[in-house]
Amino acid sequence: MDWTHHCVAVIPCFNEAPHIEAIVAEVRGHLPNIIVVDDGSTDGTGRRAKAAGAEVIGQRRNGGKGCALRAGWRHARHRGFTWALMMDGDGQHAPEDIPKFFARAEKNGAALVVGDRMGNAAAMPWLRRQVNRWMSRRLSGLAGVRLPDSQCGFRLARLETLAGLRLAGRRFEIESETLVAYLAAGQGVEFVPIQVIYESNRSKISPLLDTWRWWRWWTAQTAVVP
């Protein structure tokens, strides 16, 4: 697989001006094509991403990570790419880990490869670690397979499969929704160990609010499961 021609990086961002230029520059060492979805930023994120060499899709207002990702996926398919590598725009995913995703997809034929931070879970804040494990246990039970890190946004996905899934998550619940949808569609899912980089001032996740949103999504899923 010539990943440089068939894969595009899709990076959803909201007010990541301090970090986005460096991220785009590092990612370009692995993938020349990068789509930054500027999700209603007010700090010049889109301008800086474009200056660094990314193609920028500007959202007029902040719609959430799920909305930004779907906009990026649609544009990637329109551009003719067959794979998308998703990363967060806050610098908490290491671009040097990108080749691991390509290698795992080629080795096992997986349609979705997800980053796994739990090998070094102690580097995550205690609350984030516990919430992640709690969510992953419930999703593992729902899917019938072990999902070690269900909430990681560092992913490689086949776009044709994504286009056939009914995904409606607007915010961070999109990670769980996509993972469950791939498994329900009978698509191969693999996990690959990645570095843990965490700075609390960078994360846009609200442990309480986003856990509540996830719980609303979860109860909707379990309500329709026999």
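Identification of strands (runs of 3 or more DSSP E) wholly contained in segment 1-110 with 1 or more residues that are of a type in the set (G, A, S) and under 15 Å from R155 (Cα atoms) yields 7-13, 83-86.
Restricting attention to segment 128-144, which residues are of a type in the set (A, V, I, L, M, F, W, C) and touching a residue at least 24 places away in the same chain (Cβ under 8 Å)? Break it down stepwise before answering.
To start, the set of residues in segment 128-144 that are of a type in the set (A, V, I, L, M, F, W, C) comprises 131, 134-135, 139, 142-143.
Within segment 128-144, V131, M135, L139, L142, A143 meet the criteria.
Comparison of E26, E96, E21 shows that the only residue that is over 18 Å from the mean Cα position of the chain (by Cα) and farther than 22 Å from I174 by Cβ is E21.
Condition check for P226 on (1) at pLDDT 90 or above; (2) surrounded by fewer than 20 Cβ atoms within 10 Å (Cβ to Cβ): one failure, at (1). In a residue-by-residue description of segment 130-149, the property of being among the polar types (S, T, N, Q), part of a loop (DSSP other than H, G, I, E, B) and farther than 18 Å from P12 by Cα applies to no position.
Of the numbered criteria (1) in a helix (DSSP H, G or I); (2) at pLDDT below 85; (3) in contact with a helix residue (DSSP H, G or I) (Cβ under 9 Å, 6 or more places away or on another chain), the one L179 fails is (2).
Give the number of residues within segment 136-166 that are among the hydrophobic types (A, V, I, L, M, F, W, C), closer than 25 Å to R79 by Cα and under 14 Å from the mean Cα position of the chain (by Cα).
Total meeting the criteria: 5.
Selection of segment 29-73 for residues being without any contact (Cβ under 8 Å) to a residue 40 or more places away in the chain, of a type in the set (A, V, I, L, M, F, W, C) and closer than 16 Å to R170 by Cα yields V37, A71. Report yes if some residue within segment 21-42 is among the charged types (D, E, K, R), modelled with pLDDT under 95 and surrounded by fewer than 19 Cβ atoms within 10 Å (Cβ to Cβ); otherwise report no. Looking for residues that are among the charged types (D, E, K, R), modelled with pLDDT under 95 and surrounded by fewer than 19 Cβ atoms within 10 Å (Cβ to Cβ), one finds none in segment 21-42, hence no. For segment 183-192, check the following and say yes or no: at least one residue is at pLDDT below 90, in a helix (DSSP H, G or I) and more than 16 Å from the chain's Cα centre (by Cα). Yes: segment 183-192 contains one or more residues that are at pLDDT below 90, in a helix (DSSP H, G or I) and more than 16 Å from the chain's Cα centre (by Cα).
A single entry from V196, V113 fulfils the requirement of being part of a strand (DSSP E or B) and either in contact with a strand residue (DSSP E or B) (Cβ under 6 Å, 6 or more places away or on another chain) or surrounded by 15 or more Cβ atoms within 10 Å (Cβ to Cβ) (or both): V113. Mind checking which pairs have a first residue in segment 102-124 that is closer than 10 Å to V192 by Cα and a second that is in a helix (DSSP H, G or I) and of a type in the set (A, V, I, L, M), Cβ under 9 Å, 6 or more apart or different chains? Final answer for the pair search is V113/A105; V114/L179; R117/A123.
Every condition in (1) within 18 Å of A25 (Cβ to Cβ); (2) among the charged types (D, E, K, R); (3) crowded, with 23+ Cβ neighbours inside 10 Å holds for K65 except the one numbered (1). Of all the numbered requirements in (1) without any contact (Cβ under 8 Å) to a residue 24 or more places away in the chain; (2) in contact with a strand residue (DSSP E or B) (Cβ under 8 Å, 6 or more places away or on another chain), L156 misses one, and that requirement is (1).
The values are calculated or read from the model by the stated rules, or taken from the named source; none is laboratory data. Here the structure is a predicted model, which means the values were calculated and not measured. All Cβ positions, glycine included, derive from the backbone under ideal geometry; neighbour counts span all protein chains shown.
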